[in-house]
Amino acid sequence: MAAELNPFKIAQRQLKIATDALGYDDSVYEALSEPKRLLTVSLTVKMDDGTFKTFKGFRCQYNDVRGPCKGGIRYHPEETVDTVKALAAWMTWKCAVVDIPLGGGKGGIICNPKEMSEAEIERLSRAYIHEVAVIIGPNKDIPAPDVYTNPQIMAWMMDEFSIMTGYNVPGVITGKPIELGGSLGRGDATARGCVYTTREAAKEIALDLNGATVAIQGFGNAGQHAASLMHGLHNSKIVAISDSRGGVVNLDGLEPHDAIAHKKKTGRVAGLPGTEEITNQALLEMDVDVLFPAALENVITQENAGNIKAKIVAEAANGPTTPEADVIMHKNGIFVIPDFLCNAGGVTVSYFETVQNTYNYYWDESEVHEKLNKKMTDAFHTVLAAAKKHNVHLRTAAYMVAVKRVVEAMKLRGWI
Ligand code: NAD
């Protein structure tokens with residue numbers, strides 16, 4: 001991977017910009033620029049054909065000064081330790097920017113779940129928990145879903161941890177099925193948070209979301225719900241969507257319901273009736289009001305940032321934009337809602353799930369939405385005010401708010 005596209009190097013560069021802007025000396029940057037703990041695991045799993053295959057996995061605990069670590073587990077054939085470290089760093093800033101009492105963590109396994117049976121995925125998931133159990137738990141580190149992991153996988157993981165512990169420990173993991181202590185409203189929480197912050201950004205630039213055009217790169221959990229909610233809550237027009245196999249466009253607007261059903265049935269968005277094909281690259285550069293990068297890292301770089309025409313870029317994905325691209329889009333007047341602010345709805349409702357598990361008392365969905373709306377709206381305006389005060393773009397402002405909270409906690413505990 002080219003050094004400038006290494007997500008962890010990017011996370012470190014973003015942090016340095018923030019610690020410099022905050023006037024901290026190098027010792028603060030050094031204390032925050034590497035994870036506190038990183039565990040590598042080797043998982044040997046019996047495959048359906050009777051052979052054994054060994055997978056590599058990771059769990060990274062970046063910083064837990066404000067509370068137990070929190071962060072998803074990603075299954076991906078191109079997963080790297082540096083991606084896990086970057087995502088764990090961003091989780092630290094994400095929890096701090098929405099002011100929830102959690103630290104940052106992340107996990108991953110190098111595997112291709114698309115080529116594995118359900119039973120193989122279950123055995124791999126249980127093996128992972130076996131190896132990381134020593135460092136996770138409701139008061140230590142609480143995993144959750146991420147790319148190519150889902151509530152069923154969380155259920156197996158919770159079950160495995162509970163078997164090892166000797167009693168039910170629902171609070172060890174979030175994003176569980178509702179029947180096992182999952183929170184109502186967790187399914188669409190990431191996208192809902194993105195849509196709440198997009199609503200506030202639209203007010204700021206006087207953009208009417210009613211009829212506004214929307215393109216979405218990545219049509220998974222975050223992307224599908226973003227389409228439904230932009231359409232359902234704001235009557236916005238979803239004109240393009242994509243997944244790893246390509247994209248589709250219909251400038252008159254496509255129906256999210258139909259697109260989700262088509263993706264479920266065929267495994268791809270390509271071939272959706274009434275649409276034409278578009279590449280992922282062309283989708284990003286479409287002349288739309290709102291662009292949601294909702295797939296993976298490094299899709300907006302210095303190569304294409306100058307071609308982005310959206311008025312708002314709402315980063316549902318983690319790490320979609322490189323620091324060079326940030327500067328270009330800021331110069332071009334594009335309103336970028338940075339990833340760890342924009343997509344913090346997922347971890348916020350995961351936190352609500354932990355709270356409900358601890359109380360063993362569950363809220364109705366409207367209460368979850370109301371509390372999420374308040375958290376996201378407050379965080380957005382705190383960051384916007386910091387951006388205006390310090391005359392920086394929103395990503396640096398979000399870093400300044402989050403890093404300051406983490407540093408204050410570290411000072412109080414005598415860590416720095
Ligand atoms: P998902 O696995 O449900 O969906 C990912 C989607 O991206 C799939 O449709 C896949 O086909 C598509 N994709 C993969 N590679 C692509 C490529 N090169 N070009 C275009 N599309 C591609 O994952 P998700 O949970 O929706 O996560 C998407 C992003 O959102 C990730 O960056 C993740 O870290 C971030 N995120 C997710 C959550 C959450 O709660 N699920 C929370 C915060 C952030």
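The values are calculated or read from the model by the stated rules, or taken from the named source; none is laboratory data. These figures come from a predicted structure and were not determined experimentally. Neighbour counts are summed over all protein chains in view; Cβ atoms, including those assigned to glycine, are modelled from backbone coordinates with ideal geometry. Ligands, DNA and RNA are excluded from the accessible area calculation, which covers all protein heavy atoms including side chains. Shrake-Rupley method; radii C 1.70, N 1.55, O 1.52, S 1.80 Å.
Of the residues LYS263, LYS237, the single one that is over 19 Å from ASN343 (Cα atoms), open to solvent by 10 Å² or more (accessible area, probe 1.4 Å) and touching a Phe, Trp or Tyr at 6+ places or on another chain (Cβ under 8 Å) is LYS263.
Confirm whether LEU180 is open to solvent by less than 10 Å² (accessible area, probe 1.4 Å) and over 30 Å from VAL406 (Cα atoms). No; evaluated as a whole, the condition is false for this residue. In the condition set (1) closer than 30 Å to SER366 by Cα; (2) in contact with a helix residue (DSSP H, G or I) (Cβ under 7 Å, 6 or more places away or on another chain); (3) among the acidic types (Asp, Glu), GLU122 is compliant with all but (1). GLY187 passes all but one of (1) farther than 23 Å from ALA86 by Cβ; (2) at pLDDT 95 or above; (3) in contact with a Pro (Cβ under 9 Å, 6 or more places away or on another chain); (4) surrounded by fewer than 24 Cβ atoms within 10 Å (Cβ to Cβ); which number fails? For GLY187, the exception is condition (2).
Within the set ALA344, ALA397, ALA317, the sole residue that is open to solvent by less than 60 Å² (accessible area, probe 1.4 Å), out of contact with any Gly (no Cβ under 7 Å at 6 or more places or on another chain) and among the aliphatic types (A, V, I, L, M) turns out to be ALA397.
Going by the structure shown, is THR198 modelled with pLDDT of 95 or more, closer than 27 Å to VAL355 by Cβ and buried (at least 19 other Cβ atoms within 10 Å of the Cβ)? Considered against the rule, which asks whether it is modelled with pLDDT of 95 or more, closer than 27 Å to VAL355 by Cβ and buried (at least 19 other Cβ atoms within 10 Å of the Cβ), THR198 comes out as yes. Scanning region 191-227 for residues that are in contact (Cβ under 8 Å) with a residue 60 or more places away in the chain, assigned to a helix (DSSP H, G or I) and within 11 Å of the ligand (Cβ to nearest atom) yields ALA191, ARG192, GLY193, CYS194, ASN221, ALA222, GLY223, ALA226.
Contact annotation: residue pairs with Cβ atoms under 9 Å, 6 or more positions apart or on different chains, pairing a residue in region 263-278 that is over 15 Å from GLN217 (Cβ atoms) with a partner that is of a type in the set (Lys, Arg) and open to solvent by 50 Å² or more (accessible area, probe 1.4 Å), are GLY267/LYS114; GLY267/ARG245. Could you list all residues from region 332-374 that are in a helix (DSSP H, G or I), within 14 Å of the ligand (Cβ to nearest atom) and not β-branched (Val, Ile, Thr)? Within region 332-374, ASP339, PHE340, LEU341, CYS342, GLY345, GLY346, SER350, TYR351, PHE352, GLU353, LEU372 meet the criteria. Against the criterion of being outside any helix (DSSP H, G or I), touching a helix residue (DSSP H, G or I) at 6+ places or on another chain (Cβ under 8 Å) and either among the small types (Gly, Ala, Ser) or crowded, with 24+ Cβ neighbours inside 10 Å (or both), ALA402 does not qualify.
Okay, residues lined up against (1) in contact with a Phe, Trp or Tyr (Cβ under 9 Å, 6 or more places away or on another chain); (2) within 15 Å of ALA144 (Cβ to Cβ); (3) basic (Lys, Arg):
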| residue | (1), (2), (3) |
| --- | --- |
| ILE328 | no, no, no |
| VAL336 | no, no, no |
| ALA344 | no, yes, no |
| VAL349 | no, yes, no |
| PHE352 | yes, yes, no |
| THR358 | no, no, no |
| TYR362 | no, no, no |
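Tell me, which residue of region 296-309 that is under 22 Å from LEU251 (Cβ atoms) and open to solvent by 40 Å² or more (accessible area, probe 1.4 Å) is nearest to the ligand (Cβ to nearest atom)? Among those that are under 22 Å from LEU251 (Cβ atoms) and open to solvent by 40 Å² or more (accessible area, probe 1.4 Å), it is ASN307. Regarding SER242, is this residue on the phi < 0 side of the Ramachandran plot, hydroxyl-bearing (Ser, Thr, Tyr) and buried (at least 22 other Cβ atoms within 10 Å of the Cβ)? So SER242 passes the test. Of the strands (runs of 3 or more DSSP E) lying entirely inside region 228-318, not one is found with 2 or more residues being at pLDDT below 95 and over 26 Å from ILE334 (Cα atoms). Counting the residues of region 127-153 that are away from the ligand (no atom under 16 Å from the Cβ), in a helix (DSSP H, G or I) and crowded, with 18+ Cβ neighbours inside 10 Å gives 4.
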